Amino acid sequence: MKGKIIKGIAGFYYVQTKDSGIYTCKAKGIFRRLQIKPLVGDNVELSVQDEAAKEGNVDRILPRENTLLRPAVANIHQALVVFAIRRPDPNFNLLDRFLVMMEQQGLKSILCFNKSDLSSREEEETIRQMYESGGYRVVFTCAMDGTGIPVLKELLRGSTTTVAGPSGVGKSSLVNLLQPKAQMETGAISEKIARGKNTTRHSELICIEEDTYIMDTPGFSSLGLFQLEKEQLRHYYPEFTPFEGTCRFQGCVHVHEPDCKVREALAEGKINKIRYDNYCLLYEEVKGQRRYSYETRNRRTAQCGKEHSV
């Protein structure tokens, strides 16, 4: 029998099958010996041990299309990145970090700005232009009255989508609207610091309809960029792509070089200034991380040499 792991907690894997419901499974010992861990999103073969109790074993993990590290999940097709348009105001630097992370993993991102009842049309249009110029699809929703939910459902149909974003922006409320049977816990916004209580404690796939899954994940308040060279960052800003290879210097990183076509496009209003400023901030951060890593490695090497010479 085949199925999909929709949740994993404390060594138990909940596998949804097409016709027989959900089975609670343990992974066979061979996975531990091979140091392979089943992931939420894995398509698997299982053997039923007790049909009445809906218990079984995961026997085989079918080939994965992809694997994400954060969150740890397999076979994801796209990402739904959710921010609030108000309460809390969107942190565009954090949003761009999410987008870079998804671009790194080869995932298309849909941007959802929730709580649209608190915004004006002018604010929405400014945000739409900011991100649609980079090729991202932008949707405005309101979990209170269902605005935008039909459009969102259509964008998710036939895909497995990871839902990401900071706490308190209404991710779980949106998931409840997309699939009322999910009965996900929702949290109130802290009035003191305008940040939400993190109500999602584990990754779980939720079936909206046949062949359509969403996965709500724990909220993030910060997000570091790791395993990324500073020269690579520009490739994760899609609006820079039309200008690549046209700058004066080969390998231009679009920060301080003369005759940079990206900076010219910025001056002409073809590239959004907030997006570009965030790029520069992230570039300096990645540059600083690499410098710190290099200096730390050199200190450790020198210390190790001293110890061996004693």
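The values are calculated or read from the model by the stated rules, or taken from the named source; none is laboratory data. Bear in mind the structure is a predicted one, so any value in this text is a computation, not a measurement. Here the Cβ positions follow ideal geometry from the backbone for every residue, glycine too, while neighbour counts run over all protein chains shown. Just the protein is used for accessible areas: all its heavy atoms, side chains included, with ligands, DNA and RNA removed. Shrake-Rupley method; radii C 1.70, N 1.55, O 1.52, S 1.80 Å.
Dividing the Cα radius of gyration of the stretch 69-188 by its Kirkwood radius returns 0.93 for Rg/Rh.
In straight-distance terms, cross-link reach from Lys28 covers every one of the lysines whose alpha-carbon lies under 23 Å from its own, apart from those fewer than eight places away in the same chain; here that gives Lys2, Lys4, Lys7, Lys18, Lys37, Lys54. Once you have all Cα-Cα distances for the stretch 1-135, histogram them in 5 Å bins from zero and send the whole-percent values. Pairs per bin, as whole percents: 2, 9, 16, 16, 12, 10, 10, 9, 8, 5, 2, 0. Remark: spin-label model distance Glu257-Lys18 equals 5.1 nm, labels positioned 7 Å along the Cα→Cβ axis. Convert 37 °C to kelvin, take the viscosity as 0.692 mPa s, use the Kirkwood radius over C-alpha pairs of the stretch 97-153 as Rh, and evaluate the Stokes-Einstein diffusion coefficient in µm²/s, rounded to a whole number. Estimated diffusion coefficient is 269 µm²/s. Phi-derived couplings, Karplus 6.51 cos²θ - 1.76 cosθ + 1.60 at θ = phi - 60°, listed residue by residue for the stretch 38-55: x, 10, 4, x, 5, 8, 9, 9, 10, 10, 7, 9, 8, 5, 5, 8, 6, 10 Hz, with x used for Gly and Pro.
Shown for the stretch 1-126: the carbon plus sulfur share of the solvent-accessible area, taken with all protein chains present and a 1.4 angstrom probe, equals 48%. Calculated accessible area for the stretch 121-178 comes out at 42 Å² per residue, all protein chains present (probe 1.4 Å; ligands, DNA, RNA ignored). Shape index of the stretch 128-178: Rg/Rh, with Rg the Cα radius of gyration and Rh the Kirkwood radius from the inverse mean 1/r over Cα pairs, equals 0.96.
Per the Cα gyration tensor, the stretch 54-131 maps to an equivalent ellipsoid with semi-axes of 34, 15, 10 Å, ordered largest to smallest.
As a length-normalised measure over Cα pairs under 8 Å and 6 or more apart, the relative contact order of the stretch 39-187 settles at 22 percent. Put simply, when 231-243, 155-167 are sorted by average Cβ atoms within 10 angstrom per residue, most first, you get 155-167, 231-243. With R₀ set to 30 Å, the beta-carbon distance separating Arg248 from Ile274 gives a calculated FRET efficiency near 0.70. Between Ile30 and Ala52, the FRET efficiency from the beta-carbon distance, with R0 = 30 Å, is close to 0.70.
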